[in-house]
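Notes to accompany the following structure.
The values are calculated or read from the model by the stated rules, or taken from the named source; none is laboratory data. Keep in mind it's a predicted model, so treat the numbers as computed, not measured. With ideal geometry, Cβ positions are generated from the backbone for all residues, glycine too; neighbour counts draw on all protein chains shown. SASA here: full protein model, heavy atoms, side chains in, ligands and nucleic acids out. Shrake-Rupley method; radii C 1.70, N 1.55, O 1.52, S 1.80 Å.
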Amino acid sequence: GTVRTLNFPGYFFLTPPLYFIPDLLPPGVCSLLNPAAIYANNEISLGDVEIYGFDYDYTLAQYSNLLHSMIFNTARDILIEQFKYPEGLRKYEYIPGFAIRGLHYDVHKSLLMKIDAFHYVQLGTAYQGLKPVPDEEVIEMYGGTQHIPLYQMSDFYGKGPSIKQFMDIFSLPEMTLLSSVTDYFMTHNIEYDQVHLYKDISDAIKDVHVKGMMYKWIEKDMEKYILHGDETYAVLNRLVNHNKKLFLITNSPFSFVDKGMKHMVGKNWRDLFDMVIVQADKPNFFTDRRKPFRKMDEKGSLHWDKISKLEKGKIYKQGNLFDFLRLTGWRGSKVLYFGDHLYSDLADLMLRHGWRTGAIVPELETEIRIINTEQYMHSLTWQQALTGLLERMQMYQDAESRQVLLEWMKERQEIRSLSKNLFNPQFGSIFRTFHNPTYFSRRLIRFSDIYMASISCLLNYDVNFTFYPRRTPLQHEAPLWMDQLCTGCMKTPFLEEMVHIR
Ligand SMILES: *[C@@H]1O[C@H](CO)[C@@H](O)[C@H](O)[C@H]1NC(C)=O
Ligand SMILES: [Mg+2]
């Protein structure tokens with residue numbers, strides 16, 4: 001082609017062919033993050049922590065994804081058999097990797113979508129049934145904006161009047177079932193009430209938990225469903241050997257937890273714990289003073305006596321955090337509590353009670369593996385280079401420059417979609433939209449001091465280790481290379497030795 005004269009300086013540097021990109025990456029930047037590391041939002045010194053508390057499901061017990069298809073199939077069959085939904089739904093199978101955690105669902109619009117920290121829908125991530133909704137339609141649905149008003153989603157636990165947030169790991173089959181049934185109704189042009197649909201699916205999924213079906217599957221085949229039990233054993237033993245006190249607060253029933261813990265830790269597992277609280281009804285446990293503790297024996301029989309102290313080796317049902325604090329005196333930052341549910345496990349503790357909190361986010365493992373790939377690093381670097389060009393060159397508005405700017409914008413959009421799809425083709429990463437943290441991320445940062453893929457990550461750190469978060473520059477601050485390289489997640493201890501963990 002012809003060499004074009006350009007109005008802005010430096011154009012010739014600005015469209016490097018893709019093979020230049022590796023030169024833009026500092027050496028060793030790929031594979032730098034360790035999926036078994038612990039990431040800090042807030043500085044915390046484990047040396048100050050005397051008491052460790054744990055949730056059970058998806059915190060002490062990690063479950064295999066096989067559970068998702070079991071929950072999906074069972075809830076689907078409940079819909080057909082008990083709620084009399086069409087027999088045609090049976091052809092829908094669980095789609096692994098369709099949904100991600102933290103999505104919002106607009107009940108009245110049957111819209112499943114990813115929302116960012118500023119309450120904007122990430123365009124390209126709104127689904128009705130199993131199909132994406134074009135961006136213009138999404139904007140149209142919300143009155144000419146992609147912003148979701150706060151009052152619709154304002155409930156603290158993600159349960160606004162018309163928009164719900166799916167936060168637990170069990171909700172992956174629930175979202176997939178919602179989308180499948182919606183798909184069936186839409187493709188068959190069947191009219192249905194969206195509110196009934198949401199309620200029925202939510203009830204069917206609840207039945208799978210509450211009626212104990214899920215507990216039975218897990219109990220019947222622990223080997224298959226419970227992952228990394230030996231690591232849970234190692235974590236708990238190590239803490240006790242360093243004179244830490246342990247307690248457990250779970251919503252699950254004792255018989256189920258007991259079987260799982262026996263499988264992972266051994267029949268004397270309760271010797272490790274100072275306190276075991278089952279059927280705690282979190283998050284109400286943290287906010288509601290009314291329900292007293294009840295003593296329970298191993299057979300599940302409840303005692304009627306008034307609880308005036310919590311004794312080691314005993315099992316308690318229900319109760320509330322206010323009594324717990326009064327009876328144990330375990331206050332403030334000497335307690336570190338781990339859970340996988342940002343709202344039910346961690347939010348109240350962080351905001352009201354001043355315990356330190358650790359979030360278990362199993363998705364970190366796969367997301368970090370993706371971030372570590374050359375492909376991801378390359379597209380991200382190129383995307384940021386283009387973004388910088390757009391920022392700097394935007395004032396050149398003659399026809400020819402505008403053409404170039406348009407091409408860059410198009411290319412940037414393509415790269416952004418490409419990077420998104422590396423995580424999940426429908427919804428991308430659970431932590432980021434194109435240029436913002438997700439709603440989930442913002443909550444994660446607000447409610448947890450540290451976060452990690454599994455509690456076994458604790459094994460990689462000294463019991464007196466202090467976690468220092470990376471000093472992320474605010475927008476008006478200058479970035480320092482030292483901040484980026486020296487503190488926080490980049491400086492992973494025992495990087496070599498940690499390879500064996502997974
Ligand atoms: C942790 O710190 C405490 C108090 O300073 C000390 O007694 C203990 O030996 C330390 N533990 C380890 C494993 O370094
Ligand atoms: Mg849990």
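Judged by the mean number of other Cβ atoms found within 10 Å, the most tightly packed of the peptides 328-335, 173-180 leads the ranking 173-180, 328-335. Near ASP288, within a Cβ-to-Cβ distance under 14 Å, what is the net charge of the other residues, with Lys and Arg +1 and Asp and Glu -1? With Lys, Arg at +1 and Asp, Glu at -1, the neighbours total +2.
With R₀ set to 51 Å, the beta-carbon distance separating MET222 from ILE139 gives a calculated FRET efficiency near 0.55. Per-residue surface analysis assigns THR373 an accessible area of about 60 Å², computed on protein heavy atoms at 1.4 Å probe radius. Mind scanning LYS159/LYS199; LYS216/LYS282; LYS91/LYS420; LYS131/LYS420; LYS131/LYS206 and naming the pairs with a C-alpha gap bigger than 24 Å? As for pairs spanning more than 24 Å Cα to Cα, those are LYS91/LYS420; LYS131/LYS206.
Near TRP304: Cβ cut-off under 13 Å, other residues only, Lys/Arg at +1 and Asp/Glu at -1. The net charge is +2.
Across region 66-219, the mean sequence separation of Cα contacts (distance under 8 Å, 6 or more residues apart), normalised by length, yields a relative contact order of 30 percent.
Using heavy-atom solvent-accessible surface (probe 1.4 Å) with all chains present, what is the largest-first order of TYR225, TYR120?
Descending accessible area places them as TYR120, TYR225.
So for the chain, taking the charge dipole from beta-carbon charges (+1 Lys/Arg, -1 Asp/Glu), which of TYR451, PHE254, LEU325 sits furthest toward the positive end? Checking the options against the dipole of the chain, the answer is LEU325. Here the dipole of the chain is about 1500 debye; that uses its Cα centre as origin and unit charges on the Cβ of Lys and Arg (positive) and Asp and Glu (negative). The peptide list 289-297, 185-193, put in order of mean Cβ contacts within 10 Å with the highest first, becomes 289-297, 185-193.
Kirkwood radius for the chain, taken over all pairs of different Cα atoms as the inverse mean of 1/r, rounds to 25.1 Å. For region 66-219, the calculated P(r) over all alpha carbon pairs, in 10 Å bins from 0 to the bin holding the longest distance, is 11, 41, 34, 12, 1, 0 percent.
Per-residue ellipticity at 222 nm for the chain, helices alone: DSSP H runs ≥ 4 residues times -39500 (n - 2.57), over residue total, nearest 500 deg cm²/dmol?
Details: 18 runs with 186 residues, N = 502.
Result for the chain: -11000 deg cm²/dmol, rounded to the nearest 500.
Taking other residues whose beta carbon is less than 13 angstrom from the beta carbon of PHE322, and scoring Lys, Arg as +1 and Asp, Glu as -1, yields +3.
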